[in-house]
Amino acid sequence: MNTQDYSKQLARFAANLQIGDIPNDVILRAEDLLVDWFGSAIAGKNSRPVETITQFAQKMGGFDASHVGPSEILISRTTSSPFLAAMANAAASHVAEQDDVHNGSVFHPATVVFPPALACAQALGVCGDDLIVAAVAGYEVGIRVGEFLGRSHYKVFHTTGTAGTLAAAATVGRLLKLSPEQMLHAFGSAGTQSAGLWEFLRDAADSKQLHTAHAAATGLMSAYLAQAGFTGAQHILEGKQGLAAGMSSDADPSKLIDGLGKRWALAETSFKYHASCRHTHPAADALLQVIRAHKLQPTDIAKVETLVHQGAIDVLGPVIDPATVHQSKFSMGTVLALVAHYEFAGLQEFDQHFHDEAICLFRDRVTMTLDPEVDGAYPQRWIGKVKVHLHDGRVLEGRVDEPKGDPGNTLSRTEITDKAMRLAAFSGGASPTEMSKAIDMLWNIRKQTQLGFLLTVN
C-alpha cells in the first residue's frame, strides 16, 4: 500500500464514524473518560498558569454580563467563544497531572479532546451521542498519530501538544460533520501548527498548560477553517516535509491506520491514580507494594533504585531540585518520597509536603537505572520495578506489571466519581452539590438531547 494513502484513510474514518460503529463497551469507556476529565478540568481552578490563560481568553473574547458566549469556561463560570473556551478548559485539565494517558502513544487524549468537544457541542446545540462520537474520533486519531511519531519524537516533543492538534481537529471536524476531504484539510492545518517541547521542565516554566491550550484551540480552528474551504497539506503526517520528517527518526506510517474500526485505542487508555507524571507511577506502585508487604517505615529505607525505561529518564532526569509543586510532579524522588511517607502522591500531599525536609532527604536517595526489560516493553507496557535498600542491609524487590489505572487494573465508576469529587474539593472549583449534578449529567450523557452548561454560569 502506498503510504500516501494513510492520512486519507484516517481522515475518512474520523469523518464517517457513527455511533452504531462503536462497540458498547467502548462507549461506556468514553463516558468514564469524560467524567474523569471533568474532575481534572475543575482541579485547574486557582492554578496561576491556568488562571493566566483563562484571563487571556476572557479578555480576547470580549464576553461580559451583557454578552453571553455559547461555550462554558469551567473554572471561571463565564462564557466565551468555542475557540477560547476550549483553550481555557484544555489548560485547566492538564495542570493537576490527573488526566488520562494512553501508554503506547505516551499521549494524554482527554485534555485535548474533551475541551473542544464540549465547547463546540454547547455552541452547536448537539446531543450527547454526537459528543461521544466526536470524542471517540479524536481519541482514535490522536493516539494513532502519537504512535506513528514514535519514541524518538517524545524524547524532545511533548506528544500531547503535537499529536493533540490532530486529535482536536478530528473531534471538532466530526461535530461539524466535515466530509473526508475537509477532514484531511483540517489535519493539514492542525499538523502544520503542532508544537510542544520538553525544555520547559528544566526551568519549571508554565509551558505544559500552554501546550494543551494551543493544541485544543488550534485543532478547533483548523476544523472550522476546513469547513469554510480552507485547505491544508494532504500529507502533513508522512510527507517529505511533514511532521515525521521534522519531528521523528522512527516514524511508522502503518500505525496511522492500525486496526481502524476494529482496534479501539480509546479502550486502551489509562486513568491516573497518583497526581504526578505517569512515568513515576509504575515505580511508585512497586515501592508501595514493598512497603505494604514488609510494613516498612520511611526511616527503614536507605535508598531506592528504580528500574525504568529511557522515556522516564529523558523526561524526569532534568528535574533534580524541584522548585514548584508542578515541577515536583516530574521528580521521581519526590513522588516516591511522598508514597513512602503517605502511601499516596495526591494533590494534598504535593501541595503541603513536596518541599518538606524529610521528603527532600528521601528524594535525594532515589535513583533511576535503565532496565532492558522495562525499556523493551515500553511504551506498550509500563512495568514498575524497584530495589529497596534497607538500613539493615536487606534489599527488597518490587514489581508491578500494570500500575493502578491501567486497563487491566482500572478504576471503577465509583472510584472515578470519588476522584472527580476529590479534585473539585481540593481546588474549590465547585461544591459537592454542583459536582454531583454535573457528574450525573455526564454519566447520562447519551440521554442529553441538547448539551447545556455543566455548572452555573455567572
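The values are calculated or read from the model by the stated rules, or taken from the named source; none is laboratory data. Every value quoted in this text rests on a predicted model; they were computed, and no experiment measured them. Because the Cβ atoms are built from the backbone with ideal geometry, glycine has one as well, and the counts that use them run over all protein chains shown. Side chains included, ligands, DNA and RNA excluded: accessible areas come from the protein's heavy atoms. Shrake-Rupley method; radii C 1.70, N 1.55, O 1.52, S 1.80 Å.
So here's what we get for this one:
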{"item": "Given (1) aliphatic (A, V, I, L, M); (2) open to solvent by 10 Å² or more (accessible area, probe 1.4 Å); (3) within 18 Å of the chain's Cα centre (by Cα); (4) within 29 Å of GLY232 (Cβ to Cβ), number of the condition ALA41 does not satisfy", "result": "(2)"}
{"item": "Check on ALA215, at pLDDT 95 or above, among the hydrophobic types (A, V, I, L, M, F, W, C), closer than 16 Å to THR162 by Cβ and open to solvent by less than 10 Å² (accessible area, probe 1.4 Å)", "result": "yes"}
{"item": "Options GLY104, GLY142; residue that is touching a strand residue (DSSP E or B) at 6+ places or on another chain (Cβ under 7 Å) and either more than 22 Å from LYS419 (Cβ to Cβ) or not in a helix (DSSP H, G or I) (or both)", "result": "GLY142"}
{"item": "Count of region 128-162 residues which are acidic (Asp, Glu), surrounded by fewer than 24 Cβ atoms within 10 Å (Cβ to Cβ) and in contact with a Lys or Arg (Cβ under 7 Å, 6 or more places away or on another chain)", "result": "1"}
{"item": "All helices (runs of 4 or more DSSP H) inside region 365-455 with 2 or more residues being over 21 Å from THR78 (Cα atoms) and open to solvent by less than 60 Å² (accessible area, probe 1.4 Å)", "result": "372-377, 413-427"}
{"item": "Of all residues in region 157-198 being of a type outside the set (A, V, I, L, M), more than 20 Å from LEU124 (Cβ to Cβ) and outside any helix (DSSP H, G or I), the one that is nearest to the chain's Cα centre (by Cα)", "result": "HIS158"}
{"item": "Exclusive hit being in contact (Cβ under 8 Å) with a residue 60 or more places away in the chain, over 30 Å from HIS281 (Cβ atoms) and open to solvent by 10 Å² or more (accessible area, probe 1.4 Å), set PRO70, PRO82, PRO49", "result": "PRO82"}
{"item": "Residue in region 89-109 that is under 27 Å from PHE157 (Cβ atoms), open to solvent by less than 20 Å² (accessible area, probe 1.4 Å), of a type in the set (Phe, Trp, Tyr) and touching a residue at least 24 places away in the same chain (Cβ under 8 Å) present", "result": "yes"}
{"item": "Evaluation of THR165 against (1) touching a residue at least 60 places away in the same chain (Cβ under 8 Å); (2) closer than 29 Å to LEU454 by Cα; (3) β-branched (Val, Ile, Thr); (4) surrounded by 24 or more Cβ atoms within 10 Å (Cβ to Cβ) (one fails), failing number", "result": "(1)"}
{"item": "Some residue of region 286-304 being of a type in the set (Ser, Thr, Tyr), at pLDDT below 95 and open to solvent by 20 Å² or more (accessible area, probe 1.4 Å)", "result": "no"}
